[in-house]
Protein chains: 2
Amino acid sequence: MARTTGSDGGRTEAAVREAAVNLIARYGYEAMSMRQLAAEVGVQAAALYRYFPTKEDLLFTLMREHMQGLHEAWEHSRPGDADPARQLAAYVRNHIAFHIGRRHATHVSNMELRSLSPDRLTQILRLRTAYEKELRSILRDGAEAGIFNIEDTGLTAMALIQMMTGVIVWFRPGERLSITEVTTTYLSMTMRLVGAKIDSITTGPRVTSDAQWTL
Amino acid sequence: MARTTGSDGGRTEAAVREAAVNLIARYGYEAMSMRQLAAEVGVQAAALYRYFPTKEDLLFTLMREHMQGLHEAWEHSRPGDADPARQLAAYVRNHIAFHIGRRHATHVSNMELRSLSPDRLTQILRLRTAYEKELRSILRDGAEAGIFNIEDTGLTAMALIQMMTGVIVWFRPGERLSITEVTTTYLSMTMRLVGAKIDSITTGPRVTSDAQWTL
DNA sequence: GAATTAATTGAACGTTCGTTTTATTACTGC
DNA sequence: GCAGTAATAAAACGAACGTTCAATTAATTC
């Protein structure tokens, strides 16, 4: 046989991407074989090479688009003129929503960096660094304005990102907590972690621990 | 050739373990070949099978001993009768010290779970859960005593562990920050995150953000 | 110093891997 | 309906994989 009835390049490529994300997230990039991926799509292995020249190209494409998507999501949801506390809240909300919505893709982007060639690794890390830089910038602004109480901006940014991204490790939709509840709790923890004051103008007592961070 | 002069089973096994941890951490379990591991040790691939019956047995042994070591380290460093804040501080200190000291082994234990057979995965997860349970217990005690201000004990425990373990992703000995500085900052962040009061008896104003957590 | 045990080599086994090549069929534009 | 292109199958490639086996030598025991 050769071309099958109803075959469509666009649909097949989309199916390949989706199946690849799921298989790599579950078994790992090295453990997933091209034949296994092809079987999942319902196609022969050779057909995959019409869309991705090598296995690593496939991995790189998935990662790059995931990282770009993350950055674009933030740029669309960032408040333009808000104070650092509101900016931070928006960052946390975007980060959690994006990652919970794409648990498998996040797993791939975080776990399979070592399977990239050096220059492609550099490209992905550049995208990641640019995204993290946004958070550091918010933290610095807040610290300088006296709204946050932070020992080390870079270290705090890394701690926050690790904490937030970690949601995908244990969160399963439909279990004990809803996405809204999880996000609310993470917002509270974040604001306490950075020592945020609820009001940057008044110099009243700290009410951080009890505040509702619905900024 | 056959047995080489000066060969010693104990030494060879130790060398295999060490080389395996490093190679798996760097390239991943699937990507590391038994021949590559043997070459690193300075031995033929067949010799490895004297010490570990299969490749997965090797992985499982490394993981199990790492998790057991983590739990034992905590049991040796836990304060017997301290209040929850001090208990939490000791937990954080032990966790960070242990993980920074064994970055590669931690990477293996965190990243290669999917390469284990189902029942071995269960065994490792049981060890991990037992260790995490200790933290949840501390948080619950502190919350009930009114020392901590926590929305959800389980969620906070996961967030803290993800945050602390994340240290190994970016921390490199000898760079900008020392282990002591990192640990101190993480202690401060942890105490703020759980909304700890510096003194559980007095009901004075919160000074969390500015407190030196040298418990 | 002979017998036994411990440690390792070298070669081989069957399988699976990523990838390439060639041929064949379905679709599209005219 | 015919030419050209898009999409796939089928088969094969050499290389690498985890693992096994028999042979061989070093150390130990008595």
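The values are calculated or read from the model by the stated rules, or taken from the named source; none is laboratory data. Being a predicted model, the structure only gives us computed values, none of them experimental. Every residue, glycine as well, gets a Cβ built from its backbone with ideal geometry; the counts of neighbours run over all protein chains shown. Calculation scope for accessible area: heavy atoms of the full protein, side chains included, ligands and nucleic acids excluded. Shrake-Rupley method; radii C 1.70, N 1.55, O 1.52, S 1.80 Å.
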May I ask you to say which residue of A:R3, A:R26, A:R50, A:R64 is out of contact with any Asp or Glu (no Cβ under 7 Å at 6 or more places or on another chain), surrounded by fewer than 18 Cβ atoms within 10 Å (Cβ to Cβ) and under 27 Å from A:A130 (Cα atoms)?
A:R64
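Given the criterion away from DNA strand C (no atom under 16 Å from the Cβ) and in a helix (DSSP H, G or I), identify the matching residue among A:R26, A:R64, A:R114. Walk me through it before giving the result.
On the way: A:R26 fails: away from DNA strand C (no atom under 16 Å from the Cβ); A:R114 fails: away from DNA strand C (no atom under 16 Å from the Cβ).
So the residue among A:R26, A:R64, A:R114 that is away from DNA strand C (no atom under 16 Å from the Cβ) and in a helix (DSSP H, G or I) is A:R64.
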Is it true that some residue in segment A:49-57 is of a type in the set (V, I, T) and within 16 Å of DNA strand D (Cβ to nearest atom)?
yes
Quick one: which of A:A38, A:A31 is open to solvent by less than 40 Å² (accessible area, probe 1.4 Å) and within 14 Å of chain B (Cβ to nearest Cβ)?
A:A31
What do you reckon, is A:V43 more than 8 Å from DNA strand C (Cβ to nearest atom), free of Cβ contacts under 8 Å to residues at least 60 places away in the same chain and not in a helix (DSSP H, G or I)?
yes
